[in-house]
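Every read-out reported here was derived from the displayed coordinates using simple, explicitly stated rules and does not represent laboratory data. Predicted model only: the values in this text are computed from it and were never measured. Don't worry about glycine lacking a Cβ; one is built from the backbone with ideal geometry, like all the others, and counts go over all protein chains shown.
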C-alpha cells in the first residue's frame, strides 16, 4: 500500500514540477525532475517534521543545497500543507513567495536560502554540529548536485564533517552526470566519486535514485556508521520523465515550445495547458 | 570574549587555525565552545551560519582580509541574506601586520562589508573601544563585522566613555577643519591635530567607531561647523570611510564644504617594516595627515 502511494506521489510531483515551471516563465526542469523519488521518499517516509510547526526545534532538517531544483521541494511542501497550494500558481511572478531559488523566510518549510552552489553542506554541518552540542537527536539531510561538487567549499565541509564525527549528517548527491553545458566527465569529472568521499572519511553507499524501495531502505539505515557522516550517491537521470529532456544538457534552463509541450504532457499524463 | 562566554552559554569562538595565545585562557575554561575550523574560512562562515540558525552566537575570528574576502559570498548569502546572528571578527586591519605584505593586510574590507545589507560594522580605535564594541556586537541580533587592528595598539581614550552603537565620538573640539577617521590610525590623527593646533588651525577630531550604520548627524554637524573635512583610513579611498562621509555630505544637498579622502589611493599597501614605517611608506603618517589638511584648507 505504502509503495503505491509513493509511486503516485512521484508521478504527481513530476506533473507539478513541469506545470509550475512552464507557467512561471522559466526554471530548471531536468534538475528538478531527477530528484523526484529522493524527495518523495524523504518527505513521506523519513523526515520527522510537522507542517503545523515548521520551526519546531527538534525537527529533522532537509537542506536543498542544489537550490535551483526548488520547485520540486515547493510542490512537496505544498502537498504536505506547509503553505497553500495556490502559491504554486504564482511561482516566479510578481507577488509570489516562491521564486527560482528558495527563501527561508518567505517559504515555510525551507531551511536555508540556497541558490549559490556549495553552501548547503557547510550550513547543514553547522546545524548538525549544533545538535551535537545541545545533545539533540534530530538529523540533517543535505541534497547536493553533482556539478555542485566542483565547488571547493564542498570539499572543505567534506573534510570537516568526519573530523567532528557528524553522524547525524547525511549528504545525498543527485548523480545525474550532467551539468549546464555538457556531461560532467567532459568538463570536470568526479570519478571515482565513491572513493573520493570514502577517503575523506564518509561512509558511502550507492543507490538507484529512481528506485523508491531501495531509497527508502538506504535512508532508513542512516547513519551507516557510528561516528561518521553518511553519503548516498543516488544515480539518477537528469530530466527523468520527459524523454527529450533526459540526459540532454541543453534543457538545463529552457522552456519547451508548443510541440515539445504536447509530447511532455503526454508522457507525464498531464492535460495539455 | 571570556566574559561574554561566562554570561551566555550560546557564545562560541570559531577560528581558522589562528588564535594561539590570544584564546588560551578562553579554551581552558570553555573547551567545548571553541572550534578550530582549520584553514577553511568559507566553510567556517557557513558553519557559523548553521550554528546561528540553531540559536548559537558564533564569533568567527581570523585575519581580516581572509574572512571578508575568501568568505565574502558566504557572508553575503549565508549570514546577511539569511540574517544570521554571526559575528565576523577580522584582525590585522590596515597595515598592522606590517612586515607580512599585502596578502595579509586588509585594505578593501570596509568597502566590501559596507555594501552588504543587514550588516553592522565596528572599527574600534583602541583596546578599550575593542572591549566595548565586542560587548555591543554580542548584544545585536544579526550580522556584525568587527574590524580589529592587533594587540598593543596605543590607547586613544584617557578615560571611560559611553559607547553608543552608530554614534561617533568627538575626540577633540574644533571649528577650522574636521578630521574624521576610524580605527587605530586615530593615534596618528590625534598627533596631527596637535601639530595643526600649534600652527594655529583648530581641528575637530571625530572617531567613527561604527562604520555602519554611520552617524550622519555628527558628519553633517562637522560640515556645518567647520570649513573642511578630511577623512583618514587605513584602507583604500574607494568605498570606505571617506566614501561613506562623502555620500552623506553630498546627499545633504546643502553644505558647501571642502573635502578630501586620505587613504590608499587605489593601490595595494606597499613595502615592509614596522607599523610606523608602513604608515610613512603608504603616506598615512602624522606628517602626511598634516600636509593633507594644510593643502585642503588652501584649496
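Taking the number of other C-beta atoms within 10 Å as the exposure measure, put A:251, A:155 in order starting with the fewest.
On the way: A:251 22, A:155 18.
In order of increasing Cβ crowding within 10 Å: A:155, A:251.
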Dimensions (Å) - segment A:47-124, Cα atoms, principal axes, largest first:
31, 29, 18
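Normalising by the residue count of segment A:2-268, find the relative contact order in percent from Cα pairs under 8 Å and 6+ residues apart. Mind showing how you got there, number by number?
Working: 507 pairs, mean separation 59.5, N = 267.
Dividing the mean separation by the residue count of segment A:2-268 yields 22 percent.
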Looks like segment A:145-218, by Cα gyration tensor root eigenvalues a ≥ b ≥ c and the a/c under 1.5 rounded cutoff (else prolate when a/b is bigger than b/c, oblate otherwise), is oblate
Distribution output for segment B:19-176: share of Cα-Cα pairs per 5 Å bin in percent, first bin at 0, values 2, 9, 17, 21, 21, 16, 9, 4, 1, 1, 0
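Any idea what the relative contact order of chain B is, in percent, if you count C-alpha pairs under 8 Å spaced at least 6 apart?
16 percent
Just the projected area, averaged over all directions, of the convex hull on the alpha carbon atoms of chain A: how many nm²? Write down the numbers at each step before the final one.
On the way: hull surface 54.2 nm².
Here the figure is 13.6 nm², rounded to one decimal.
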Express as a percent, rounded to the nearest 5, the fraction of DSSP beta bridges in the protein assembly as shown (both residues included) that run antiparallel.
10 percent
Would you mind computing, in nm to one decimal, how far apart the modelled labels at residue A:189 and residue B:175 are, each placed 7 Å from Cα along Cα→Cβ?
7.9 nm
Please say if segment A:178-230 is rounded, prolate or oblate, where rounded means a/c under 1.5 for a ≥ b ≥ c the square roots of the C-alpha gyration tensor eigenvalues, and otherwise the choice is prolate for a/b larger than b/c and oblate otherwise?
oblate
Which value in nm describes the separation of the simple spin-label points at residue B:8 and residue B:297, placed 7 Å from the Cα toward the beta carbon?
4.5 nm
Considering chain A as a Gaussian network with a 10 Å cut-off on Cα pairs, which listed residue, A:59, A:93, A:216, attains the greatest mean-square fluctuation?
A:93
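Using the Kirkwood radius over Cα pairs, work out the Stokes-Einstein diffusion coefficient for chain B at 37 °C and 0.692 mPa s, in µm²/s as a whole number.
The calculation lands on 169 µm²/s.
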Label point 7 Å out from residue A:50 along Cα-to-Cβ: which residues of segment A:110-153 have amide N under 16 Å?
A:137-139
Unit Cα scatterers, Debye sum, segment A:174-269: log10 I(q)/I(0) for q = 0.10, 0.11, 0.14, 0.19 Å⁻¹:
-0.38, -0.45, -0.67, -0.97
Principal axes of segment A:1-153: Cα extent on each, largest first, Å:
44, 40, 29
Over all distinct Cα pairs, what is the inverse of the mean 1/r for segment A:218-259, reported as the Kirkwood hydrodynamic radius in Å?
13.4 Å
Neighbour counts of other C-beta atoms within 10 Å: give me B:47, B:11 arranged from fewest to most.
B:11, B:47
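Calculated from DSSP H runs of 4 or more alone, at -39500 (n - 2.57) each and per residue, what is the 222 nm mean residue ellipticity of chain B, nearest 500?
Numbers: 10 runs with 97 residues, N = 299.
That calculation yields -9500 deg cm²/dmol at 222 nm.
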Square roots of five times the Cα gyration tensor eigenvalues for the protein assembly as shown, Å
52, 26, 20
Give me the Debye-computed log₁₀ of I(q)/I(0) at q = 0.12 Å⁻¹ for segment B:169-298, equal point scatterers on Cα only, no solvent, two decimals.
-0.40
Compare B:104, B:235, B:209 in a GNM of chain B, Cα atoms joined below 10 Å, and give the one with the largest fluctuation.
B:104
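Test of understanding: ordering B:249, A:71 by Cβ neighbours within 10 Å, fewest first, what list do you get?
Working: B:249 20, A:71 29.
Ranking B:249, A:71 by Cβ neighbours within 10 Å, fewest first, gives B:249, A:71.
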GNM result for chain A, Cα springs below 10 Å: residue of A:66, A:262, A:80 fluctuating most strongly
A:262
Would you calculate the separation in nanometres between label points at residue B:115 and residue B:135, each defined as 7 Å from the Cα along the Cα-to-beta-carbon direction?
3.5 nm
